[in-house]
1. Could you run through the stretch 178-204 and say how many residues are modelled with pLDDT of 95 or more, among the aliphatic types (A, V, I, L, M) and buried (at least 22 other Cβ atoms within 10 Å of the Cβ)?
2. Which condition breaks for Gly169 when tested against (1) of a type in the set (Gly, Ala, Ser); (2) at pLDDT 95 or above; (3) assigned to a loop (DSSP other than H, G, I, E, B)?
3. Could you list, in sequence order, all residues of the stretch 296-313 that are within 14 Å of Ser328 (Cα to Cα) and assigned to a strand (DSSP E or B)?
4. Tally time: how many residues in the stretch 117-131 are in contact with a Leu (Cβ under 8 Å, 6 or more places away or on another chain) and assigned to a helix (DSSP H, G or I)?
5. If we scan the stretch 79-89, do we find a residue that is under 30 Å from Phe230 (Cα atoms) and either surrounded by 15 or more Cβ atoms within 10 Å (Cβ to Cβ) or modelled with pLDDT under 95 (or both)?
6. Mind checking whether some residue in the stretch 260-280 is out of contact with any Pro (no Cβ under 9 Å at 6 or more places or on another chain), surrounded by fewer than 19 Cβ atoms within 10 Å (Cβ to Cβ), among the polar types (S, T, N, Q) and not assigned by the TED database to the domain that holds Gly195?
7. Could you run through the stretch 134-165 and say how many residues are buried (at least 23 other Cβ atoms within 10 Å of the Cβ) and closer than 19 Å to Trp190 by Cβ?
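The values are calculated or read from the model by the stated rules, or taken from the named source; none is laboratory data. Bear in mind that the values here come from a model prediction, so they are computed numbers and not experimental data. Here the Cβ positions follow ideal geometry from the backbone for every residue, glycine too, while neighbour counts run over all protein chains shown.
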Amino acid sequence: MNIDRTIQEAIGIEGDREISAKSPTSPPPHFPTSPLPHFPTSPHSLLLSPVSCLLNSAVLFPLMNIDRTIQLAHQLADASGEIIRRYFRQPNLETETKLDQVSSIVTIADQEAEEAMVAIIQRELPEDGVIREEGVNIPSESGRYWVLDPIDGTSSFVKGLPIFGTLIGLVAENQPILGIVDQPILGDRWLGVKGKGSLYNNQMIVNPYRQDRELALKNACLASTTPLMFITERQQAIARQLQTVCKRTAFGGDCYNYMMLATGCTAMAMVILESDLKYYDFCALIPIIEGAGGIISDWSGNPLKADSSEVLAVSNSGLWRQVLEQISRVG
């Protein structure tokens, strides 16, 4: 297949041409999950089997072995995590400000972790493309792209706070079909596969807010990484409108906010509203949140695309409609 034009144009593809970490074990007891019976006890087998045994490989993973693909995604997370742990809380770690983003920083951990993941992809699946945060994008000959963000939440990483994550997404035919979010310090890992549910540390997620039709926006928590991401007057007005309606507002968290929403382990339902995002910031989140029963879209309620920048994530469809109604009032 040719390089996907939608992704190519949105991202700006340019031509360019094993490390094993301890796998996560079991979630804390307060995280709502469901045991997965009748599967092998190997950590990686547990992470593979519940999803892969249900998939229609011809649709979601054309020309790919399902188990191999999911195992490769875990291998990427393992390799990245080992490097990140090496640099976490190291004093005098050198940082740089990105040329195109005044408020965004990058460290040697970001760069080395990304390079390690790209090297594995090019060795194992050389026809696949790569969309990456830190380096030059790599075009695809297969029609598939791996979308990588080695450290989502670098500001938390440099402050020694373990509320960042490695984002690994796989896109085929414009659709994010697989996502992993890995927190290598705490040992947390989430896996989602399009249409087939999501796992947290080897167990299927059972989100208590998923079927709660009585959820009211006035009882929810509005979360964003920073208020500074709302740049335009309209974005600021929408954020203010939701802030007046929601019970609480919280800032910080980056990708970890989305994973707390997915697992439903928060004291109240969450509404995440963010803007000025790139594809690598949200691609991996989509299969995980949708697989856990949540909804993630743009601010108009449309599916996210490679060139989207405004992201809305909520616990269920009822809450999602309430948020869209509030957004429409701003115009």
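1. Total meeting the criteria: 5.
2. Failing condition for Gly169: (3).
3. Step one: filter the stretch 296-313 for residues within 14 Å of Ser328 (Cα to Cα), giving 298-302, 312.
Once the filter is applied, which keeps residues that are within 14 Å of Ser328 (Cα to Cα) and assigned to a strand (DSSP E or B), the stretch 296-313 yields only Leu312.
4. Step one: filter the stretch 117-131 for residues in contact with a Leu (Cβ under 8 Å, 6 or more places away or on another chain), giving 117-118, 120-121, 124-125, 130-131.
Imposing the further condition that a residue be assigned to a helix (DSSP H, G or I) reduces the set to 117-118, 120-121, 124.
So the count comes out to 5.
5. Within the stretch 79-89, one or more residues are under 30 Å from Phe230 (Cα atoms) and either surrounded by 15 or more Cβ atoms within 10 Å (Cβ to Cβ) or modelled with pLDDT under 95 (or both).
6. yes
7. Here the count works out to 11.
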